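Visitor: One structure, pasted below without further comment.
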Amino acid sequence: MSDGATLPPLAHSASANTLVGAAYVNLRRDIIQGVHPPGSRLRVEHLKDDYGVGAGTLREALALLVSDALVIAQGQRGFHVTPISLEDFRDITENRVLLETQALRQSIALGDDDWESAVLAAFHRLSKAEQRLAADPDTRFEEWEQRNREFHRELIRACPSRWLHHFLGILYQQAERYRRLTVTRKPIARDLDDEHKGILDATLARDADRACDLLAAHIRLTYDAVARLPSNLFTPG
């Protein structure tokens, strides 16, 4: 497997051990969890006390979130949480299908025994997390999200294109707010473990066509779930 396939981290590279990094991580978590709803204003003068940092530090953290497209800077109007919409998620979904199936196809063609072992191990960790998620979706989502991200990243790790990895990291991150809504609210019945197992089996069998078809269906099913959510969860206008 090529060293060029090393994946960039999903979160920003700012260290959580710095004041800016810690504020970034905590703000990002609260945006994903809906503590700051889509479209809401992020007032520096109020939030700096909530996050225990100065105004300058908070603005730096917000600038990082702007680069992640989770926050919008609107000149004199300040910072706002990026809105969410069904149209936006369809765009994210279809571009993710396009790129991730291509990356999986390349990964299946080029992956070695170590890659297979890593994919299998990631599936095992995800399967355990899905069992815990079923029992307590509200408090176990963060663990599941991490394991789900790891599984999808291991599937495509043998793909040598760093640009595919880069753009998929962005798309996966942008989908996280939508994915959380479906996992915690369950608008449609689905067996995530069974979906992931099907993708795993086809991948390990080196059946690229079936693996890609199952992956595409898996990603699009999350869009179908979001489409069933109440319209008041989306940003007006």
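The values are calculated or read from the model by the stated rules, or taken from the named source; none is laboratory data. Since the model is a prediction, treat every value here as computed from it, not as a measurement. Cβ sites come from the backbone with ideal geometry, for glycine too, and all protein chains shown count toward neighbours. Keep in mind that these areas ignore ligands, DNA and RNA; they rest on the heavy atoms of the full protein, side chains included. Shrake-Rupley method; radii C 1.70, N 1.55, O 1.52, S 1.80 Å.
Visitor: Could you pull out every residue, at least 5 positions away or on a different chain, whose amide H is within less than 5 Å of the one on Thr82? Hs are placed 1.01 Å off N in the peptide plane, and Pro or chain starts have none.
Guide: For Thr82, whose amide H was placed from the backbone, the distant partners under 5 Å are Gly39, Val71, Ile72.
Visitor: With charges only on Cβ, +1 for K and R and -1 for D and E, what is the dipole size of the chain about its Cα centre, in debye, rounded to 20?
Guide: Dipole magnitude for the chain comes out near 680 debye.
Visitor: Points 7 angstrom from Cα along the Cβ direction at Gln102 and Thr184: gap in nanometres?
Guide: Distance between the two pseudo-spin positions: 3.4 nm.
Visitor: Farthest toward the dipole's positive end in segment 79-237, which of Pro83, Gln173, Ala118, given Cβ charges of +1 (Lys, Arg) and -1 (Asp, Glu) about the Cα centre?
Guide: Most positive-ward Cα: Pro83.
Visitor: Starting from the Cα gyration tensor of segment 78-213, take the square roots of the eigenvalues, sort them a ≥ b ≥ c, and report rounded, prolate or oblate (rounded when a/c is under 1.5, otherwise prolate if a/b is larger than b/c, else oblate).
Guide: oblate
Visitor: For the chain, what is the mean residue ellipticity at 222 nm derived from helices alone (per DSSP H run of n ≥ 4: -39500 (n - 2.57); sum divided by total residues; nearest 500 deg cm²/dmol)?
Guide: The helix contribution divided over the chain gives -22500 deg cm²/dmol.
Visitor: Which lysines, if any, have their Cα less than 19 Å from the Cα of Lys197, not counting same-chain residues under 8 positions apart?
Guide: Lys128
Visitor: Please give the helix 192-204 orientation as an angle from the longest Cα principal axis of the chain, in degrees from 0 to 90, rounded to the nearest 10.
Guide: Relative to the chain, helix 192-204 is tipped by roughly 50 degrees.
Visitor: Sticking with this one: Relative contact order of the chain, please, whole-number percent, based on alpha carbon pairs below 8 angstrom and at least 6 residues apart.
Guide: RCO, the chain: 27 percent.
Visitor: Still on this structure, please answer the following. Of the heavy-atom accessible surface of the chain (probe 1.4 angstrom), what whole percent is carbon and sulfur?
Guide: Of the solvent-accessible surface of the chain, carbon and sulfur hold 50 percent.
Visitor: Simple spin-label model, 7 Å along Cα-to-Cβ: Glu87 to His166 in nm?
Guide: For Glu87 paired with His166, the spin-label model returns 2.9 nm.
Visitor: On to the next question. Which angle from 0 to 90°, rounded to the nearest 10, does the C-alpha axis of helix 137-155 make with the longest principal axis of the chain?
Guide: That works out to roughly 50 degrees.
Visitor: State in Å² the accessible area per residue of the chain; use a 1.4 Å probe, count heavy atoms of protein chains only, and round to the nearest integer.
Guide: Accessible area per residue, the chain: 50 Å².
Visitor: To the nearest 10 degrees, how steep is helix 162-185 against the longest Cα principal axis of the chain, on a 0 to 90 scale?
Guide: That helix lies at roughly 70 degrees to the long axis.
Visitor: Out of His36, Leu164, Leu221, whose Cα points farthest toward the positive end of the dipole of the chain (charges: +1 Lys, Arg; -1 Asp, Glu; placed on Cβ)?
Guide: His36
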